Structure formats: C-alpha cells, structure tokens
Amino acid sequence: MTDYLIIGSGLAGIAFSEIALQHDKTIKVYENHSQNSSTIAGGLYNPVILKRFSEVWKSQEQIDLVNHFYAGLESKLNSKLDFKIPIFRKLFSVEEQNNWFVASDKPNLVPFLSTSINHKKYDGIDSPFGYGEVMQSGYVDTSELLKKYHEFLISKQVLKLETFLYEDLVINTDFVLYKNEKYRQVVFAEGYGIHANPYFLLLPLDGTKGELLIIKAPNLNLDVIIKSSVFILPLGNDLYKIGATYNWEDKTPTPTEEGKQELLSHLKELLSCDFEVVNHLAGIRPTVKDRRPMVGTHPKHSNLHVLNGLGTRGVMLAPAMAKVLFNYIEKAEPLDPAVDIKRFKKINWD
C-alpha cells in the first residue's frame, strides 16, 4: 500500500511530496497541467506587506523554512532555484519616508526593514525620495522548480501525467482504492482546480487572475527587485519579470490585452528607459477571502485531505503549510484554527 496519493504538483503538491519523502513515506502524484499559477508565478517571497508596511502572517517562521526547504531542493535537484535579493520599495513622499521609519522601528519588523533610506541611483528609474529596503527577501524560479521536480518524480516512476478521475476513487475506512492501487491517504493540492473536486468544492476558494510580462531592457541594470505600482524582478540577460494584475472576474488563464496594457501603463510611469515585451503570461491564483490557506481533512472521510488557498504567497506558504498538514496527519498535531478548514462552519458537507 502506498502512503500518499497526491493530486496536483504545483508549489503545494511539490512541498507536500517532498516533506512526505523526507519522512520515508511512499507517494504517487497525479498532474494534468490544467493549472499553471505555480509555473507563471512571480515567485517572490517577501516578509512584509509593503502597501501597509506591516508584517506578513508568521513571516519569520515561514522565511526560516523557505531558506531550509529550497536549499535542500537545490541540492537534491542540482539546480539553482532560490535567489536571495533585496526588495526596494520606491518611496513617493516625505510622508512615506516617515512611515517607513516608524515601521522599521517596530519590533516585529526590525528583522526585515532597513532603518535608513537607500538613495541608490538606477538608470531608467527616477526616485527622488529613495527606497525602503526589505531584507530576507528574494524569489524562487518556480518554472525551473516545477520542471526539475517533475523530472525527479518521473525518474522515481511516481508521477502520472494524466487527469485524476474522482469517480474512480473508492473510499474505505482504512484506505482508498484508485486504479487498483491502495493508498493510506489522499492529499488534494489542486489550486483553482478544486472547483472540479466533488469532495472539497464547497470550500470558499476564489480565483484571482494574475498577468505578468517579461521585458528586455538592456539599459536598466537592476540588481534588486523594485516594488512600486508593479514589481520589477531581474532575471538576468537584461530580462525582467513585471507583475502583476489582479482580476477577480475573469477565471480564464488566457493573457488579455487589457491586462497587458494595465501593466505597461504602470511600467511606463516607472521606467524612462527603452524596453520591449518578450512574453506575456497569465494564471489563476487560488485565493481565499480571509487571506489564509485552507488545510485540513474532510469531515466525513478521514483519509481525504486538502492543501490549498496559498494565494499570492505560494513560495512562502507551501513549505510551511505542507509541514503543518503532514504533522497533522501523521502526528495528530493540531492545526492552527486560522488555516483549518473547520473555520468554514456554514458548509453543509452532506
């Protein structure tokens, strides 16, 4: 009997797969590439909400795990994935400078915010009020991560590149049966694809469409991530990732001219140097209105579990939430009520 059947192999599915393997559990993973939010994600990890100069929920705990988890994957997959790089938040006024100083003096933000304003000059960006520097930040190359991890799973003969058929899942008390194979537990890590899942479709997961651009700007020469109305993330070779839009109505993963023009409008306000668009990407983020992940076990089927709702912070949340769910299943460690799906008390699971 295999320990875990894992449905979905984006950031959430990879994180749970890896933690299960680290604990000598056997796995089988199904992935049909119907959801692409992990592939096209910005990949940033940032411990601070820069709109309000406030701390991300459990930020230091998550950052510590990010550092350990992705370093381990780099070694395992023999690939550079984690890029430590500061975020420079462009400041627009003396008032914003003062707000930065106030925030950087708060005990919970001291590890993350520089106490001085950085006035470094970058060709193509005018910033008379300077930048606030965020520390312990960076980005993960999510496209490379998915590619390399899927290759690893294929090499172990545990990845099925096909659609999971819910109607073929037979649930028993001590195990589930799928395609004549037995599994102790099932973890659904499907992102926005949860809306096709008959066991968890009642969970209030919304989808937020995000669009990104890849531009080529030979004269920009950035060595940090710039955060303003959009972020500018240096990828090397004069390429930069620009993001992101937020559309709560359109649930299709297709790039739109409207999204492109929105990004270009913000970018032209920020950059004075020439650039060209070389790619345009879109995906549906799995978001929840209370901005917390959805983790837990089906109330009527003790061997069906969900790991979802990582939203815009998938790189930071995936390792932490996968660890939380694994310890809940294997060690009966209680879930934080803030992420436990039991918080959705109005759901009728019958």
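Tabulated results
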quantity	calculated
Residues satisfying the stated conditions in the stretch 318-337, i.e. open to solvent by less than 30 Å² (accessible area, probe 1.4 Å), touching a residue at least 60 places away in the same chain (Cβ under 8 Å) and out of contact with any Pro (no Cβ under 6 Å at 6 or more places or on another chain)	Ala318, Pro319, Ala320, Ala322, Leu325, Phe326
Meets criteria (of a type in the set (D, E, K, R) and at pLDDT below 95) for Lys216	no
Some residue of the stretch 252-265 being buried (at least 17 other Cβ atoms within 10 Å of the Cβ), assigned to a strand (DSSP E or B) and either among the aliphatic types (A, V, I, L, M) or in contact with a Gly (Cβ under 6 Å, 6 or more places away or on another chain) (or both)	no
Cross-chain or 6+ apart pairs with Cβ under 8 Å, the stretch 290-317 first and under 15 Å from Pro47 (Cα atoms) and basic (Lys, Arg), then part of a strand (DSSP E or B) and open to solvent by less than 50 Å² (accessible area, probe 1.4 Å)	Arg313/Tyr45
Matching residues, the stretch 124-157, being open to solvent by 80 Å² or more (accessible area, probe 1.4 Å) and either touching a Cys at 6+ places or on another chain (Cβ under 6 Å) or on the phi > 0 side of the Ramachandran plot (or both)	Gln157
Any hit, the stretch 167-182, residues being open to solvent by 60 Å² or more (accessible area, probe 1.4 Å), touching a residue at least 40 places away in the same chain (Cβ under 8 Å) and within 23 Å of the chain's Cα centre (by Cα)	no
The one condition in (1) farther than 30 Å from Leu281 by Cα; (2) surrounded by fewer than 16 Cβ atoms within 10 Å (Cβ to Cβ) that Val186 fails to fulfil	(2)
Residues of the stretch 333-350 that turn out to be farther than 21 Å from Leu65 by Cα and either part of a helix (DSSP H, G or I) or at pLDDT 95 or above (or both), as a count	4
Selection within the stretch 223-251 - hydrophobic (A, V, I, L, M, F, W, C) and open to solvent by less than 20 Å² (accessible area, probe 1.4 Å)	Val224, Ile225, Ile226, Val230, Ile232, Leu233, Ile242
Subset of the stretch 38-64 [touching a strand residue (DSSP E or B) at 6+ places or on another chain (Cβ under 6 Å) and open to solvent by 30 Å² or more (accessible area, probe 1.4 Å)]	Leu44
Residue in the stretch 107-119 that is most open to solvent (accessible area, probe 1.4 Å), counting only those that are assigned to a loop (DSSP other than H, G, I, E, B) and in contact (Cβ under 8 Å) with a residue 12 or more places away in the chain	His119
Tally of residues being part of a loop (DSSP other than H, G, I, E, B) and open to solvent by less than 20 Å² (accessible area, probe 1.4 Å) across the stretch 10-30	1
Members of the stretch 271-314 that are in a strand (DSSP E or B), open to solvent by less than 20 Å² (accessible area, probe 1.4 Å) and out of contact with any helix residue (DSSP H, G or I) (no Cβ under 8 Å at 6 or more places or on another chain)	Leu271, Leu304
Residues of the stretch 65-95 that turn out to be surrounded by 13 or more Cβ atoms within 10 Å (Cβ to Cβ), without any contact (Cβ under 8 Å) to a residue 60 or more places away in the chain and assigned to a helix (DSSP H, G or I), as a count	3
Pairs with Cβ under 7 Å, 6+ apart, first in the stretch 1-18 and under 13 Å from Lys147 (Cα atoms), second open to solvent by 10 Å² or more (accessible area, probe 1.4 Å) and of a type in the set (D, E, K, R)	Ser9/Glu31
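The values are calculated or read from the model by the stated rules, or taken from the named source; none is laboratory data. Note that the structure is a prediction, hence the values are computed from the model and not measured. FYI the Cβ positions are ideal-geometry reconstructions off the backbone, even for glycines, and counts take in every protein chain you see. All accessible areas refer to the heavy atoms of the entire protein, side chains included, with ligands and DNA or RNA removed. Shrake-Rupley method; radii C 1.70, N 1.55, O 1.52, S 1.80 Å.
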